[in-house]
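*Asks:* One structure coming up, written as structure tokens, with questions to follow.
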Amino acid sequence: MAKTEASTGNTTDFGDFVKDEEEELDLEELVEPWHRYETEENQNVLYPIRLGELLNERYLVEHKLGFGGGSTVWMAFDLQDKKNVALKVMALGKWGDNEIRIQDEIIKTVQDISRLVIYGATFFLPRDDKSYHRVLVFPMKGPSICTLTLKTTPMASRMSAARQLLETVASLHKAGIIHRGEPTSSYFVFLYTKRNDVDLNARNCMWGMTPVDDLSRSAKYELLGRPLKQIIPFVNLWKQGELVSPVKVPEDLRTEEFYLCDFGLAKKIGDLTTQHGYPPMHYCSPDRLHQQEPSFACDMWSYMAIFSMLYLTFPPFPTFLEGGVVSGMVECLGPLPEQWKGLYTHPGGLDSWYDQSQSPDLENDLAAKIAYHRPDTDLVERQHVQSIMSKVFIYDPEKRPTAIELLRDPSFRAIMDRYGCGDSK
Ligand SMILES: Nc1ncnc2c1ncn2[C@@H]1O[C@H](COP(=O)(O)OP(=O)(O)OP(=O)(O)O)[C@@H](O)[C@H]1O
């Protein structure tokens with residue numbers, strides 16, 4: 001394999017500019033919208049970056065990893081430690097400080113952080129108007145789990161992911177940290193005066209990735225795809241920047257370790273300066289959508305939505321029905337508690353959700369979904385999976401099992417044993 005050429009060799013090849021309108025449209029699908037770089041009426045403006053820039057006199061930006069609601073994330077080569085890192089360049093606003101706060105809390109309180117993506121360093125990038133963007137330096141990981149990649153992933157890996165993620169949620173909960181919500185149990189309220197929450201969804205569950213630190217840039221581009229890029233259009237920028245297509249991590253570079261990342265929307269309960277937010281609707285528990293207190297149990301609902309993605313390769317509740325994901329829940333699980341009527345947090349709620357004379361649609365209940373998406377499995381396996389899902393997809397958060405209880409659940413263990421991931425790490 002060719003040696004690193006970051007400081008010697010090819011200094012000019014940093015991907016390809018779009019050639020025509022068709023490529024421009026292809027790129028548009030993959031990148032952050034250009035208007036997020038517009039400063040006018042935008043408190044959360046992004047920082048423009050070009051491939052080939054050296055940040056903080058140390059990090060050579062070589063590729064793009066992705067973007068989110070509060071950041072762009074770049075693959076950079078750390079010239080000092082000679083390894084690839086992920087640079088999360090935060091938008092202006094409170095996002096970066098908040099993520100650092102929760103990460104520091106996690107480092108202090110969580111016993112096992114081996115499956116959490118934790119920042120290693122941080123620095124600032126100044127703008128022309130003397131405001132600053134915070135940058136967090138993370139170890140580089142593989143892609144997030146998604147339906148497309150899961151379809152070609154063997155069941156053993158998918159169930160190993162399910163187990164690892166539940167163990168990680170259990171270790172966060174043990175430390176009093178909630179991936180999205182706050183503890184309801186008076187025991188934990190008593191124990192933890194600083195309660196945090198983060199955001200549990202499939203986008204935040206990442207594959208591990210075999211390091212490619214020793215490869216030259218061209219070899220990395222060969223493996224991860226050449227960046228396709230365009231100068232940020234339409235915006236009168238104070239500094240040049242590019243819209244860049246993200247890496248495509250090939251299957252054989254993914255490892256069997258799964259990680260939780262992104263504590264960006266996290267909040268400390270009681271900290272009024274911090275953003276309040278909801279996980280994406282697919283993953284949000286119905287109690288949170290009805291003004292109920294956030295809790296460990298909310299995470300368990302979100303975890304079970306991820307488990308469904310891993311097991312069925314589909315989210316459990318469709319969002320296309322009138323009324324959105326809650327209609328999908330009602331169709332599958334039956335009516336919501338009557339006392340929640342009038343408390344729905346979003347527009348477009350339906351009275352029929354609380355009609356206690358309704359029952360689950362037999363063609364779309366949990367048993368039907370499992371049979372439909374996994375026709376390859378036998379009845380025993382289906383019954384175990386139905387048992388797992390129906391214990392957690394329960395409207396009353398008080399009745400949901402904890403992460404530790406679910407790890408010990410006979411049906412959960414039976415499924416893990418069946419796919420060879422029965423032993424704790
Ligand atoms: N350590 C990492 N290694 C590899 N890719 C990463 C890493 N961190 C983030 N990414 C990529 O960047 C994308 C955006 O990151 P992240 O979700 O942390 O941003 P965000 O701004 O906090 O997003 P949001 O708040 O909308 O969830 C991720 O979906 C992932 O594809």
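*Asks:* Can you name the condition, by its number, that Leu260 falls short on among (1) within 14 Å of the ligand (Cβ to nearest atom); (2) aliphatic (A, V, I, L, M); (3) over 19 Å from Leu87 (Cα atoms)?
*Replies:* (3) is the only condition that Leu260 fails.
*Asks:* Can I ask one more? List, please: which pairs have Cβ atoms under 6 Å, are six or more places apart or on different chains, and start with a residue in the stretch 1-25 that is in the same structural domain as Lys83 (by TED's automatic domain parsing) and over 20 Å from Asp81 (Cα atoms) and end with one that is at pLDDT 50 or above and open to solvent by 100 Å² or more (accessible area, probe 1.4 Å)?
*Replies:* From residues that are in the same structural domain as Lys83 (by TED's automatic domain parsing) and over 20 Å from Asp81 (Cα atoms), the pairs are Gly15/Arg226; Asp16/Arg226.
*Asks:* Any residue in the stretch 139-156 that is in contact (Cβ under 8 Å) with a residue 24 or more places away in the chain sitting within a Cβ distance under 6 Å of a residue that is open to solvent by 40 Å² or more (accessible area, probe 1.4 Å) and outside any strand (DSSP E or B)? List the pairs, counting only those 6 or more apart or interchain.
*Replies:* Sorted first by the residue in the stretch 139-156, then by its partner, the pairs are Ser144/Arg203; Met155/Tyr419; Ala156/Tyr419; Ala156/Gly420.
*Asks:* Kindly evaluate Gly96 against the criterion of being within 18 Å of the chain's Cα centre (by Cα), within 16 Å of the ligand (Cβ to nearest atom), more than 30 Å from Thr313 (Cα to Cα) and among the small types (Gly, Ala, Ser).
*Replies:* On the way: within 18 Å of the chain's Cα centre (by Cα): yes; within 16 Å of the ligand (Cβ to nearest atom): yes; more than 30 Å from Thr313 (Cα to Cα): yes; among the small types (Gly, Ala, Ser): yes.
Yes.
*Asks:* I need a count of the residues in the stretch 99-122 that are open to solvent by less than 30 Å² (accessible area, probe 1.4 Å) and away from the ligand (no atom under 16 Å from the Cβ).
*Replies:* 2
*Asks:* Hey, can you tell me all the residues within the stretch 73-124 that are assigned to a helix (DSSP H, G or I) and among the hydrophobic types (A, V, I, L, M, F, W, C)? Step through it out loud before you land on a result.
*Replies:* So in the stretch 73-124, the residues assigned to a helix (DSSP H, G or I) come out as 95-109.
Trp95, Ile100, Ile102, Ile106, Ile107, listed by residue number.
*Asks:* Something else about it: So Glu398 ticks every box in (1) touching a residue at least 40 places away in the same chain (Cβ under 8 Å); (2) part of a loop (DSSP other than H, G, I, E, B) but one. Which box is left unticked?
*Replies:* Answer for Glu398: the failing condition is (2).
The values are calculated or read from the model by the stated rules, or taken from the named source; none is laboratory data. As the structure is a computational prediction, the values presented were derived from the model and not from experiment. Positions of Cβ are backbone-derived with ideal geometry, glycine not excepted, and every protein chain shown enters the neighbour counts. Ligands, DNA and RNA are excluded from the accessible area calculation, which covers all protein heavy atoms including side chains. Shrake-Rupley method; radii C 1.70, N 1.55, O 1.52, S 1.80 Å.
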